[in-house]
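Heads up, the thing below is written out as structure tokens.
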Amino acid sequence: MLARVLSGAVLGIDAYLVSVEADVASGLPNFSTVGLPQGAVKEGKERVVAAIQNSGYHVPPKRITVNLAPADVRKEGSAFDLPVAIGVLAGTGQVEAKRLERYALLGELGLDGGLRPVRGALPIALAVRDAGLSGLVLPRENVAEAAVVDRLEVRGASTLLEVTRFLDGGDELDVAFSDREALFRTASAYDVDFGDVKGQEHVKRALEVAAAGAHNILMVGPPGSGKTMLARRLPTILPPLTLDEALETTKIHSVAGLLTAGCALVAVRPFRSPHHTISDAGLIGGGSTPRPGEVSLAHHGVLFMDELPEFKRNVLEVLRQPLEDPEVTISRANLSLTYPARFMLAAAMNPCPCGFYGDPQRQCACAPQLVQRYLARVSGPLLDRIDLHVEVPAVRYRELTDQRTGEPSEAIRARVAAARDRQRARFAGRRGLYANAHMRAREIREFCRVGEASDALLKTAITRLGFSARAYHRVLKIARTIADLAGSDQIATPHVAEAIQYRSLDRVMRG
């Protein structure tokens, strides 16, 4: 007897429906799975058999063949355990198949018949809804995540037995409901604030400019000057996530298996801080089983790379492409996946190996050649792609002991949001443009025109600091952002002068 159960699988950060076909026929006892099953899918038959038996059902001594269609796409993960088990039970007549045409099933089985959470519940729920099915049955731990999808019955179960009783028309599984707007409001709070930062007013200003235009930023300063503290607060001054952005971010974290139990929505800007020992696949994504990397997990948020020169050279070089494009493509012999990667890069580094080069309070122990070699670990092409360079000096004692709190993130975020609104209005109708940092050469020529005084200032800066063509365009983008923060339609000379100071490290870094 043949039974058909619908399920789903993830490809990139999107999902597609999988038809699980179970055929139970006479012949020598055998249980085989076809349709390009990999790893955990192959091992699933052992879990399925044990779960069926420990739930009070039996697996007959017959030839059982399970096909996962479409058969030309590799299937990964343990989420097919539940649909395979139901397919076997329906194929042997132990479970009614009336509701199987209307529901998709998803879940990993324990040997005792219990259901365990799986990755990718949100994108699969979206695919199930778009396919016109009535609902989705999955483990209870994944219910909150999947219930974010509207116009879909999401039913959670704890055991295989609960699912079979529901399919037989017996005990009902409760339909989960989620108020997305209320959930978004309650989950969109940060636990850090710019008001906690003592001193460093010029660095806060640079971070505000970076946030207003979605610019990348590099902070250079001695240990303990507050670079990491400042970077961790950068997401708090970015404009709040929209609901669509939150859903897209949640999909990526769901596919990566990083959503905590009961977490339904990633409602704050992500902040990812990989260790400097990370591999290029860990940063960009990939692996034998392709997964999103840190640049994708930071989508719509901030990627913070502390101790930038300590990262492997090949890791830093592969970062250049996602800094230019809002996505990453992972290509394999029979598969090509694209992950979104629109993020802000915030990097930090010491000015020398010991960290005290140029510090007026402590003497640097590094030879000039050692300092230059250390700085050269960050290549010129990568440095060009980082819009703002800012020096972060050690905090003075007077500022450290000041009892007054600094300007809160909420006030800075209001100015940043107003500047972003000006940019959205300016770029209305232009695909892929959301902030000044994303402007291409055509938009720079159109929106970043300067007067004669500003042009003379730029010419002097290019001559004396040795700016590259890319650095020149970066200065114009930054000046446009500074003008937006000031509420000005025109880029004035003070805006250009401030923008140039954020590139003043070019000459030092290039040696």
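The values are calculated or read from the model by the stated rules, or taken from the named source; none is laboratory data. What you see is a predicted model; the values in this text were computed from it and never measured. With ideal geometry, Cβ positions are generated from the backbone for all residues, glycine too; neighbour counts draw on all protein chains shown. Note: accessible area is taken over every heavy atom of the protein model, side chains too, but ligands, DNA and RNA are not part of it. Shrake-Rupley method; radii C 1.70, N 1.55, O 1.52, S 1.80 Å.
So which of K198/K312; K62/K251; K204/K251; K62/K98; K198/K459; K42/K312 end up more than 30 Å apart, counting from Cα to Cα? In this structure, K198/K312; K62/K251; K204/K251; K198/K459; K42/K312 lie more than 30 Å apart at Cα.
Under a 5 Å amide H cut-off, with hydrogens placed 1.01 Å from N, M305 pairs with A346, A347, A348 among residues at least 5 apart or on other chains. Over the chain, dividing the summed -39,500 (n - 2.57) contributions of all DSSP H runs of at least 4 residues by the number of residues returns a 222 nm mean residue ellipticity of -10500 deg cm²/dmol.
Projecting the Cα positions of L476, G224, V192 onto the charge dipole of the chain (unit charges on Cβ atoms of Lys, Arg, Asp and Glu, taken about the Cα centre) puts L476 furthest along the positive direction.
Computed from label points 7 Å out along Cα-Cβ, the spacing between T405 and N334 is 5.8 nm. Ranking L6, A264, A376 by Cα position along the charge dipole of the chain, where only Lys, Arg, Asp and Glu carry charges on their C-beta atoms, puts A376 farthest toward the positive end. Here the dipole of the chain is about 1560 debye; that uses its Cα centre as origin and unit charges on the Cβ of Lys and Arg (positive) and Asp and Glu (negative). Within the assembled protein chains, the solvent-accessible surface assigned to D191 is about 150 Å², based on a 1.4 Å probe.
Here the Karplus curve 6.51 cos²θ - 1.76 cosθ + 1.60, taken at θ = phi - 60°, turns the phi angles of the range 411-428 into couplings of 5, 5, 4, 5, 5, 4, 5, 5, 5, 5, 4, 4, 5, 4, 5, 5, 9, 4 Hz, with x standing for Gly and Pro.
For the range 59-152, what is the accessible area per residue in Å² when the probe is 1.4 Å?
Values: 3350 Å² over 94 residues.
It amounts to 36 Å² per residue over the range 59-152.
Against the criterion of solvent-accessible heavy-atom surface with a 1.4 angstrom probe, R503, R449 sort, most first, into R449, R503. Taking R0 as 45 Å, what's the FRET efficiency between A261 and D455 from their Cβ-Cβ distance, rounded to 0.05? E between A261 and D455, to the nearest 0.05, is 0.20. The C-alpha radius of gyration of the range 87-136, expressed as a fraction of 2.2 N^0.38 Å, stands at 1.30. Estimated at the nearest 10 Å², the accessible area of E141 is 90 Å² with a 1.4 Å probe. By a 1.4 Å probe calculation restricted to protein chains, F271 has an accessible surface near 50 Å², given to the nearest 10.
Between the range 157-177 and the range 317-371, how far is it from one alpha carbon centroid to the other, in angstrom? Using only Cα atoms, the two centres lie 50 Å from each other. The spacing between the range 13-83 and the range 373-398, judged by their C-alpha centroids, is 54 Å. For the pair the range 254-312 and the range 438-499, the centres of their Cα atoms are 32 angstrom apart. As a length-normalised measure over Cα pairs under 8 Å and 6 or more apart, the relative contact order of the chain settles at 13 percent.
Under 5 Å between amide hydrogens, built in the peptide plane, is the criterion, and for F271 it picks out V302 among residues at least 5 positions away or on other chains.
For the range 4-75, the pair-distance distribution built from all alpha carbon pairs, in bins 5 Å wide starting at 0, is 4, 15, 23, 26, 18, 10, 4, 1, 0 percent.
To put it simply, the accessible area of the range 174-215 at a 1.4 Å probe is 50 percent carbon and sulfur. With an a/c value of 1.5 or above and a/b not larger than b/c for the gyration tensor axes a ≥ b ≥ c computed over the alpha-carbon atoms, the range 183-292 is described as oblate.
For the range 294-300, the Karplus equation 6.51 cos²θ - 1.76 cosθ + 1.60, evaluated at θ = phi - 60°, returns couplings of 5, 5, 7, 5, 8, 3, 6 Hz by residue, with Gly and Pro reported as x.
Kindly sort T33, T164 by accessible area of their heavy atoms, largest first, with the probe set to 1.4 Å.
Greatest to least solvent exposure: T33, T164.
Normalising the average separation of contacting C-alpha pairs (under 8 angstrom, six or more residues apart) by the number of residues puts the relative contact order of the range 276-398 at 24 percent. When the Cα positions of P83, G93, A104 are compared along the charge dipole of the range 63-108, G93 comes out farthest toward the positive end, with charges on each C-beta of Lys, Arg, Asp and Glu.
Across q = 0.19, 0.20, 0.23 Å⁻¹, the range 362-493 modelled as identical point scatterers on its alpha-carbon atoms has Debye log10 I(q)/I(0) values of -1.17, -1.20, -1.36, in the order of the q list.
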